[in-house]
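As structure tokens, the structure follows; a few thoughts come after it.
What follows draws every value from the coordinates through simple rules; no lab data is involved. If you're wondering where the values come from, they're calculated on a predicted model, not measured in any experiment. Counting neighbours? That spans all protein chains shown, and the Cβs are built from the backbone with ideal geometry, glycine included.
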Amino acid sequence: MSISANEALSRIKVTAGTRPASDGRRLRVARRAMQWGALALAVLIPLTGLFRIDPAAATFVVLDRQIWFADFFIVAGFWLALSSILVMTYSMVGAAFCGWVCPQNTFSEWANRVTKRLLGKHAEVSLSGESLHVSAGKKSWFNWLLLGLLLSGAAMLLALIPLLYFYPPTALWSFITFRHDARLAPSLHWIYTVFVLIILVDIAVVRHFFCRFMCIYRVWQHSFKTTHTLHIAYDDARTARCAACNYCLTVCPVEIDPRNTRLYDSCINCGACISACDSLQYKTGEPGLLSFEFGERRLSRLAGQALAAGSKIKSNLGTLLGRFSWSLPFTLIGMALFVWGMVSYQPYHLTVYRADANQGAAIQDYRVALANKLYRPQRLKLSVQGLPEGSYTLSAQEASFASAGRRDVMLTLHPGLPRGVHRFVVSMESEQGVRVDYRATHVVTGS
Ligand code: SF4
Ligand code: SF4
């Protein structure tokens, strides 16, 4: 009896795969480490002062320095490097951020695990489309109470993370310990309570419903995918293994069929399906039927096997390098601008304005605006050069700052200056000897 080429190939046992058999634990552990590591990083970034926001001054703060829009190199360099890295990442690994980093997914998965442990393996309490049910043997008020306490505790901790980005750690400690602190907004306890409630509803009920139907960022990441982006490959030479098995489908958080992923589907490259299938196939001594793959999507692994391993690696490498070649220059330029901006950063700012008080009449008053952009005490001394002695008055010779902030000092020119153009320089000097000059011009038209 003659058989087709496909049938013949499908009877060949595929063991010499691109990867060895695995019980799926390594990938699972790697993903968990990445998820919790990302969360730890989200806490450490503001705690170490690497980045936060000062709402009172309406500025970003990097390493205890206020970053104004006037700090062009820092702002432009940061956004150029970040956006080019992100676009390159989206086009290389698709929406892997959702599966490996995003706290929404991390806490939805954690909430699912806790729910299953307390209410039963098949318990369902979230917006998954299934009706609410718990295992008969787990129906106890204690289990519900424990679940409620765990979810509430997680919501209370999570709601503190955004606050870390708006308040220094010492101010947040005052908030947690109910101590008065002038740096805290009077309504902060209400804001925090609203945060906690939103997060509690999210991790208790919404969970992956948000990822599937509400997250715009996932859609944004998908829009940069190409046919070469990281995706799930299915070994359809061993499709018989899937008979009476849908384990990978049951673990998929976005409820798609991992055996048939498409370019613009909801896959977040979390790898849960790979770990699940690996764990099933491990006892047969073979790798699972699912794997991560870069490069051109293939309709069939059978067709793919015709591609020589060397040319496949070359093609995938070529794809990656092709992406790097256009995005890397932007990343490098952005980084260079950022570093230059940080090196040439001006910690103090000085501007001289004409004061409005004498509008309509001859201008005699100038407002000297001083700013300390560093979050540490500073005393800035003022002086004026280019005007005759006794022809002006400064309302203060120096300005003291307990931390970052702004002060205004009035400079009044006395009547009696001769007609003409008077160019003068207002100088400001820090205790460390850093000097900033501002050149101004005063015109006397009358007699
Ligand atoms: S877990 Fe593996 S064997 Fe089971 S259906 Fe999915 S791909 Fe097939
Ligand atoms: S198909 Fe696999 S990798 Fe994609 S979201 Fe589902 S479980 Fe995760």
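Results, tabulated for the structure shown:
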read-out	value
Helix-only CD estimate at 222 nm, as mean residue ellipticity for the chain, using -39500 (n - 2.57) per DSSP H run (n ≥ 4)	-12500 deg cm²/dmol
Point-charge dipole on Cβ atoms (K/R +1, D/E -1) for the stretch 348-444, about Cα centre, debye to 20	240
Compactness of the stretch 112-218, expressed as Rg and Dmax over alpha-carbon positions, Å	17.1, 53
Stretchable slack from residue 408 to residue 224, in nm (0.36 nm times residue separation minus alpha-carbon distance)	61.4 nm
FRET efficiency estimate (nearest 0.05) - Cβ-Cβ, residue 297 to residue 136, R0 30 angstrom	0.10
Vicinal HN-Hα couplings computed from phi for the stretch 197-210 (Karplus, 6.51 cos²θ - 1.76 cosθ + 1.60; Hz; Gly/Pro x)	5, 4, 5, 4, 4, 4, 7, 7, 10, 6, 6, 6, 4, 4
Computed E for residue 157/residue 333 - FRET, C-beta separation, R0 35 angstrom, nearest 0.05	0.35
For the chain, the longest site-free run once chymotrypsin sites (Phe, Trp or Tyr not before Pro) in DSSP loop states with at most 13 other Cβ atoms within 10 Å are removed	265-447
Equivalent ellipsoid semi-axes, the chain, via Cα gyration tensor eigenvalues times 5, rooted, Å	62, 30, 16
Residue-span extension gain [residue 439 to residue 145] - 0.36 nm each, minus C-alpha spacing	99.0 nm
Under 13 Å between alpha carbons - lysine pairs in the chain that sit 8 or more apart or on different chains	4
In degrees, nearest ten, helix 141-158 long axis to first principal axis of the chain (Cα)	40
Translational diffusion coefficient (Stokes-Einstein; Kirkwood radius from C-alpha pairs) of the stretch 348-444 at 37 °C, 0.692 mPa s, in µm²/s	235
In degrees, nearest ten, helix 103-119 long axis to first principal axis of the chain (Cα)	50
Virtual spin-label span in nm between residue 26 and residue 263, 7 Å along Cα→Cβ	3.3
Distance (nanometres) between label positions extended 7 Å along Cα→Cβ at residue 369 and residue 114	4.8
Label point distance in nm, residue 179-residue 70, each placed 7 Å from Cα along Cα→Cβ	3.5
Stretch gain in nm, segment residue 340-residue 423, where the contour uses 0.36 nm per residue and the Cα spacing is subtracted	26.7 nm
